[in-house]
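Chemist: Structure provided below as structure tokens; questions to follow.
The values are calculated or read from the model by the stated rules, or taken from the named source; none is laboratory data. All values derive from a computational prediction rather than experimental measurement. Backbone-built Cβ (ideal geometry, glycine too); neighbour counts: all protein chains shown. These area figures cover heavy atoms from the full protein model, side chains too; ligands, DNA and RNA do not enter into them. Shrake-Rupley method; radii C 1.70, N 1.55, O 1.52, S 1.80 Å.
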Amino acid sequence: MAGMNDLSLSIRSAAPADLDEVLAFWKTAAEGTSISDDGDGVARLVERDPEALILAERDGTLVGTVIAGFDGWRCHLYRLAVHPDQRRRGVGSALLAAAEERFTSLGGRRADAMVLDRNAAAHHTWRAAGYAPEPQWSRWVKHLTD
């Protein structure tokens, strides 16, 4: 899959061999960190659902990621991250299109996204892609490990 008529951009699912690169990439490109941002956590994701972690590469270099998780009922988006030098060049749009295509093929009907309230630049990206916050919902979290 190529994105936005950009033949140098390719979209593919991550493989186990990509995981160290992805974790390093998130330190540069993602806003904030997560309790799951470790080799074991990401390896479990890819083992359980090999198509959930979607990568964007330009000329063989990782430039973006998104996690498109589907639990059989709901479609969840996490870790949409684009390298700062590649932003506003169609990478995020191509990743979201690939995630939405995955969800549709699995029978998904609605996608939700985890977006930090403080990440104003991300709000623009998500709104441009047709997503909107739902103020009647709050995310409730309980950490199961330290």
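Chemist: Name the pairs whose Cβ atoms lie under 6 Å apart, with the first residue in region 110-130 and without any contact (Cβ under 8 Å) to a residue 12 or more places away in the chain, the second open to solvent by 70 Å² or more (accessible area, probe 1.4 Å) and of a type in the set (Gly, Ala, Ser), and 6 or more positions between them or separate chains?
Modeler: Every condition considered, no pair remains.
Chemist: Continuing with this model, one more query. Mind checking which pairs have a first residue in region 8-23 that is assigned to a helix (DSSP H, G or I) and a second that is among the polar types (S, T, N, Q), Cβ under 7 Å, 6 or more apart or different chains?
Modeler: Close Cβ pairs satisfying both conditions: 22/65.
Residue-by-condition table, conditions (1) modelled with pLDDT of 90 or more; (2) open to solvent by less than 50 Å² (accessible area, probe 1.4 Å); (3) of a type in the set (A, V, I, L, M, F, W, C):
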site	(1), (2), (3)
88	yes, no, no
92	yes, yes, no
96	yes, yes, yes
136	yes, no, no
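Yes/no matrix, rows are residues, columns are (1) in contact with a Gly (Cβ under 8 Å, 6 or more places away or on another chain); (2) modelled with pLDDT of 95 or more; (3) surrounded by 10 or more Cβ atoms within 10 Å (Cβ to Cβ):
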position	(1), (2), (3)
73	no, no, no
115	no, no, yes
120	no, no, no
125	yes, no, yes
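Chemist: Okay, next question. Note down all Cβ pairs under 6 Å where the first residue falls in region 42-58 and is acidic (Asp, Glu), the second is surrounded by fewer than 19 Cβ atoms within 10 Å (Cβ to Cβ), and they're at least six residues apart or on different chains.
Modeler: Listed by first residue and then by second, the contacts come to 51/13; 57/10.
Chemist: Residue by residue through region 52-77, note down the ones that are farther than 19 Å from residue 110 by Cβ and over 9 Å from the mean Cα position of the chain (by Cα).
Modeler: 56, 57, 58, 59, 60, 61, 62, 63 - these are the residues of region 52-77 that are farther than 19 Å from residue 110 by Cβ and over 9 Å from the mean Cα position of the chain (by Cα).
Chemist: Within region 103-110, is there a residue that is open to solvent by 50 Å² or more (accessible area, probe 1.4 Å), assigned to a helix (DSSP H, G or I), among the aliphatic types (A, V, I, L, M) and at pLDDT 95 or above?
Modeler: yes
Chemist: Another one. Kindly list the number of the only condition in (1) open to solvent by 60 Å² or more (accessible area, probe 1.4 Å); (2) of a type outside the set (Phe, Trp, Tyr); (3) at pLDDT below 95 that fails for residue 39.
Modeler: All conditions pass for residue 39, except number (1).
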